[in-house]
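Working notes, structure below.
The values are calculated or read from the model by the stated rules, or taken from the named source; none is laboratory data. Predicted model, so just to flag it, every value in this text is computed and none were measured. We place every Cβ from the backbone using ideal geometry, glycine too, and count neighbours over all the protein chains shown.
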Amino acid sequence: MNIRLTALVAIGLTLAGCSTINNATVSDQKLKERAAFALGTNAEAITISNRSNEGLRINFTATTGKRTSQCYVTSTPSVIGVVTSDAICSGGGAHKGAGQCNALLKAAGRC
């Protein structure tokens, strides 16, 4: 019984430590690069704000021009270092340029 309790406490402390390390090791520059790829722009055009840590997931707001998107990445420590996923972003993702306007975007009122 004591071995199981000790193992559960050790696992819990390890996971808590990983989430703290995760937030400290993923820079705003890396978030900009990941968000820029997801939003189809360059990293210099992105501003990161409202960053929060939820364990292995980092939530943030990416702003480029007048477009604001809610994004997140997941990041896990591994043998080769910290591995960060691509950004998943929602909101403001469609451009209103004529080259990207199609029937579906027109129906949604996005162009």
Find all pairs meeting these conditions: Cβ atoms under 6 angstrom apart; at least six residues apart or on different chains; first residue within the range 94-111 and assigned to a loop (DSSP other than H, G, I, E, B); second residue at pLDDT below 65 and of a type outside the set (Val, Ile, Thr).
Arg110/Ala94; Cys111/Lys96
Could you look through the range 55-85, keep only residues that are part of a strand (DSSP E or B) and free of Cβ contacts under 8 Å to residues at least 12 places away in the same chain, and pick out the one that is farthest from Ser27 (Cα to Cα)?
Ser78
